[in-house]
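The values are calculated or read from the model by the stated rules, or taken from the named source; none is laboratory data. Every value quoted in this text rests on a predicted model; they were computed, and no experiment measured them. Heads up, the Cβs are rebuilt from the backbone with ideal geometry, glycines too, and the neighbour counts pull from every protein chain shown.
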Amino acid sequence: MAKELIRLQDLVMEFDGERILDGINLYFNDHEFLTLLGPSGCGKTTTLRIIGGFLTPTSGKVLFDGKEVNDVPPYQRQVNTVFQRYALFPHLDVYDNIAFGLNVAKVDKQEIHDRVHEMLGIVGLKGYENRRVESLSGGQQQRVAIARALVNRPKVLLLDEPLAALDLRLRKDMQNELKRIQQAMGITFIYVTHDQEEALSMSDTVVVMDKGRIQQIGRPEDIYNEPKNAFVADFIGESNILDGTMLADYKVRFFGRNFECLDKGFAPNEPVDVVIRPEDIDIVPPEQGHLVGTVTSVTFKGLNYDIICEFRGFKWLIQTTDFHPVGATIGILLNPEDIHIMKKSEYSGMFGDYSSYSAEYDELTEDAGNEED
Amino acid sequence: MKHANRIITALILIFLYIPMAVLIVASFNTGTDITEFEGFTLQQYVRLFQDDKLLGLLGNSLLISILASGIATVFGTLAAVGINSLNPKLRKLVMSLTDIPMTNPDIVTGISLSLLFVFVGTTMLGQKESLTFWTLLIAHITFNLPYVILNVMPKLKQMDASLTDAAMDLGCTPVQAFFKVTLHEIMPGVISGAIMAFTMSLDDFVISYFVTGNSFITLPVEIYSYVKKPVAPKVYALFTLLFLLIFVLMAAMNLMQLRADQKRKETRVRVETEGMKVFKRLVAVTAAAALVIGCGWLILHPAEEKVTLNVYNWGQYISEGQDDTIDVIAEFENAYPWIDVRYSTYSDNETMYTKLSGGGITVDVIIPSDYMVARLIAEGMLLELDFSNIPNYAYVDEAFRNTAYDPENKYSVPYTWGTVGIIYNTKYVDEADVTGWELLWNKKYDDKILMFGNSRDAFGIAQYLLGYDVNTTDPAELRACANKLKEQRPMVQQYIMDEIFAAMENEEAWIATYYAGDCLTMMENNPDLAFYFPQEQGFNMFIDAMCIPTCCQEKEAAELFINFLCDPWISGQNMNALGYSTPISAAKDYMDPEMVESELAYPSEEILVNATSYAYLPEEITQLVEALFQEATKLID
């Protein structure tokens, strides 16, 4: 069992009477890469700023190693932060930026020199010591920001959407880089993002947040495969979500048909949400299908086609590598492992219908996410 | 179009800088006339550096500007940081509040500060002298603050707020974060704010005028009281140096900015950073040292065991030791080494009266004119003199005792006297026309006539012409005078005071009326000018007399000073330099014989037979005269 470092207890945060965090309970382990994931305004950055000491919670406790630190100012906490827009000091060069924290702590000059050069090696910026930070590219500035935080050997590194300002290609490289650095340094990373792909590919643990509350905590695979409610199912990847009824263990009814599934433990005839991932759906000739529908739109996505298919007035998203033209009649086959059952929640009925789907949908949500704080 | 733009830009630049160019040229001129360049000389600069008084005033101005801008920069920067951290609604409110003093007219700020200082100092703390160096400093800091805030604020807004978070995250306390990060980011704003505050402080006249007593005077306040006589050319030299100082300061600031911008583009070398650091530290240490020395000097300076005598006089109304004359104040201090004279000046009786009645200052000796002496006596603002301390009063001529303004010789000792007459240019004016005051109404000289720009003197002339008493309180007579002045108005080129020197000497105007002592000066500069006393009709004779106001702290020293000025040798030397007439006949033995024999400076008994002096008029009559004068001389719309 890994050692627990930080614990958040019943954390509530209010600004001008508006509740931003609504009872957050969470702990962070040593050496863990934990991601706070959620849409803009969900409270993830607020949580991070409370851990960093820049905000004091309205109520609840922040514990470091079991001791309450609510009133400990940022400069006395053993955490360091990588800010969204890097926040490098423009009047200092790369070396002095990285050495800043050590200089404040009055560390011996020789040791500062050694540690800064060690960090430059780790982030791959050897030879850039005397460059002005403004002359560096975005990716290089990001590395300086990471080195500047890590050189202080914090127990925990907080990262606030550190890759949001980078272009897609660089973002992928930096994801790998960050994971490598985390493993090399062996410290806890608390990472904030609205990008589910980033969260799934880097984290040991993902915490999905919405409306100031934690929706689900788990390993990336668990979050993806066993979403707890319609919000998580929709936010992590794409999902078709339907109303259904749990007839008995392993037996669910929707669209006027009975299907076999792998879930159990519901009351007889309990109404449930049924999740079907677009990539799990197999397309078959109409006569072999459990359901038969008509293709209403096709979008080429590179690796696959996104097909919107109408079944009795309800539109599904299907991802397939085979092309089916608009107007074609297709059948689909649902295997028991393709069907995930969720309890009804406040989010039921809000997500999972692709009636208004358009190709721009993804980009729109992503832009909204970038605007957070 | 491009061409036109360039021409307009060039014209604007010329327009802006021509006055400075004239001043600079004048400062190198051998002659004193600004309209004629006679030859190149550095003499004015030599004179400037020999003039301890002027240099002392410049020192005062620099001291107050450096201290005020320094303190305002520190507090203004801190205030800006504070304001910036407020929530947006409150921030906007506070910002508009700090902007108001900037848009407020200086005179309002000056008077309200003066009232506050007098109230706090005199009423609450019971100080005798509440307007001092410190009130001046506080006032300057007050009006400098908004300029600093205005310059720093945008830099704070531009700064990425997460920079301070980052600094604190890396172990800085909020104070360390400010010095290590925020300050570097906002430095250009801080520097431009400081320079702006410095220049505002250096040239401020209006506010300083109201909040300073006579113990500490800045350069602009002193220069203002020089209007009685043409400005001495060494003052041009001083202005030239001041202009250069500001010019160099601004150029240095722009250069620094330019170099910083360039550096930003280049890759930096570490050695240079070290150099910059050393330089910055040097500047900081120098500034700190200057502040400490300045404060130390101030605290130690007045600590001498001396009696301080505050003398408040007209500008340029005592011999100051230029051009082989004596320095009266220095002579006095030599004779009485335990007395330290603090000398300050005013431009006219009414200003002196306002300042004195406002309270909050200590004045030991004043030299008002006759009618003002009467007013001060009537309002109980003068102390009775102890004539046993003024034995030299015995030298004062009988004609200047038992005067209308001080009939019992209790409150005043005459300092100078003079007359008002007509000055005209013999080249243009027919001698046959010079018969009396009616010359100023002669249509032949339409638009070549200058008239007094103050109500008392202007009405006086109408009264002499119409044969009324100059101290009449009969409204009907006063209205008749007003009508007479109205009749004259279309012929008058200008209603003026001190501008008369240039206008008459340059022959822009041909006929004017003015004080005889000043006419003597004009006649020296233009030999075609002549003087005439309308002795049949009568003319004004005035006496300026030394008095001790009730706010006096050192009465005995004040009486010693008055006595000293009545010494025949001192009075003779003093009047030689001033060109006014002495009420002490014994002084004439020590004066330039040419001056003594001048009919103008010392008119004979028969000329003076109809001369009269102004008495203090009741307040409502003074106001009526002023209103009638404004009406009569108002420009035709």
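Just a few scattered comments:
- Complete set of residues in region B:569-598 that are more than 30 Å from the chain's Cα centre (by Cα) and touching a residue at least 40 places away in the same chain (Cβ under 8 Å): B:585, B:586, B:587, B:598
- Test for residue B:513: is it within 15 Å of residue B:422 (Cβ to Cβ) and assigned to a loop (DSSP other than H, G, I, E, B): no
- Exclusive hit being more than 8 Å from chain B (Cβ to nearest Cβ), within 28 Å of the chain's Cα centre (by Cα) and not aliphatic (A, V, I, L, M), set A:61, A:106, A:67: A:61
- Options A:83, A:54; residue that is within 14 Å of another protein chain (Cβ to nearest Cβ) and within 30 Å of residue A:130 (Cβ to Cβ): A:83
The rows are residues; the columns are (1) modelled with pLDDT of 85 or more; (2) more than 21 Å from the chain's Cα centre (by Cα).
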{"site": "B:9", "(1), (2)": "yes, yes"}
{"site": "B:36", "(1), (2)": "no, yes"}
{"site": "B:43", "(1), (2)": "no, yes"}
{"site": "B:46", "(1), (2)": "no, yes"}
{"site": "B:51", "(1), (2)": "no, no"}
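- Residue check, residue A:148 touching a helix residue (DSSP H, G or I) at 6+ places or on another chain (Cβ under 9 Å), crowded, with 24+ Cβ neighbours inside 10 Å and within 30 Å of residue A:105 (Cα to Cα): yes
- Which listed residue, of A:170, A:200, A:120, A:125, is farther than 19 Å from residue A:79 by Cβ, more than 14 Å from every other protein chain (Cβ to nearest Cβ) and not in a helix (DSSP H, G or I): A:125
- The residues listed here are A:97, A:25, A:80; of these, the one that is free of Cβ contacts under 8 Å to residues at least 60 places away in the same chain and polar (S, T, N, Q) is A:97.
- Residue A:75 meets the conditions (1) in a loop (DSSP other than H, G, I, E, B); (2) surrounded by fewer than 21 Cβ atoms within 10 Å (Cβ to Cβ); (3) facing chain B (nearest Cβ under 8 Å); (4) of a type outside the set (Asp, Glu) in every case but one. The failed one is (1).
- Residues of region B:407-439 that turn out to be over 11 Å from residue B:531 (Cα atoms) and assigned to a strand (DSSP E or B), as a count: 7
- Within region A:156-167, considering residues that are closer than 17 Å to residue B:162 by Cα and within 14 Å of chain B (Cβ to nearest Cβ), the one modelled with the lowest pLDDT: A:165
- Output for region A:86-103, where each listed residue is hydrophobic (A, V, I, L, M, F, W, C), at the interface with chain B (Cβ under 7 Å from one of its Cβ atoms) and part of a helix (DSSP H, G or I): A:100
- Meets criteria (within 19 Å of residue B:167 (Cβ to Cβ), in contact with an Asp or Glu (Cβ under 7 Å, 6 or more places away or on another chain) and assigned by TED's automatic domain parsing to the domain that holds residue A:27) for residue A:90: yes
- Qualifying residue in region B:604-611 (condition: surrounded by 19 or more Cβ atoms within 10 Å (Cβ to Cβ), out of contact with any strand residue (DSSP E or B) (no Cβ under 6 Å at 6 or more places or on another chain) and touching a residue at least 12 places away in the same chain (Cβ under 8 Å)): no
- Failed item, numbered, when residue A:111 is tested on (1) within 12 Å of chain B (Cβ to nearest Cβ); (2) surrounded by fewer than 18 Cβ atoms within 10 Å (Cβ to Cβ); (3) more than 31 Å from the chain's Cα centre (by Cα): (1)
- The single residue among B:167, B:194 that is under 28 Å from residue B:62 (Cα atoms), crowded, with 17+ Cβ neighbours inside 10 Å and modelled with pLDDT of 85 or more turns out to be B:194.
- Scanning region A:259-283 for residues that are surrounded by 14 or more Cβ atoms within 10 Å (Cβ to Cβ), touching a Gly at 6+ places or on another chain (Cβ under 8 Å) and not acidic (Asp, Glu) returns A:272, A:274, A:275, A:277, A:283.
- Just one of the listed residues (B:183, B:156) is away from every other protein chain (no Cβ under 14 Å) and within 11 Å of residue B:81 (Cβ to Cβ), namely B:156.
- In this structure, residue B:79 does not satisfy being modelled with pLDDT of 90 or more and within 24 Å of the chain's Cα centre (by Cα).
- Looking at region B:1-119, the helices (runs of 4 or more DSSP H) lying wholly inside it that each contain 3 or more residues that are among the basic types (Lys, Arg) and free of Cβ contacts under 8 Å to residues at least 24 places away in the same chain sit at B:88-103.
- Residue A:88 within 29 Å of residue A:223 (Cα to Cα) and surrounded by 19 or more Cβ atoms within 10 Å (Cβ to Cβ): no
- Residue check, residue A:26 assigned by TED's automatic domain parsing to the domain that holds residue A:196, surrounded by 22 or more Cβ atoms within 10 Å (Cβ to Cβ) and in a strand (DSSP E or B): no
- Scan region A:128-155 for residues that are assigned to a loop (DSSP other than H, G, I, E, B), within 8 Å of chain B (Cβ to nearest Cβ) and within 24 Å of residue A:190 (Cβ to Cβ) and the total you get is 1.
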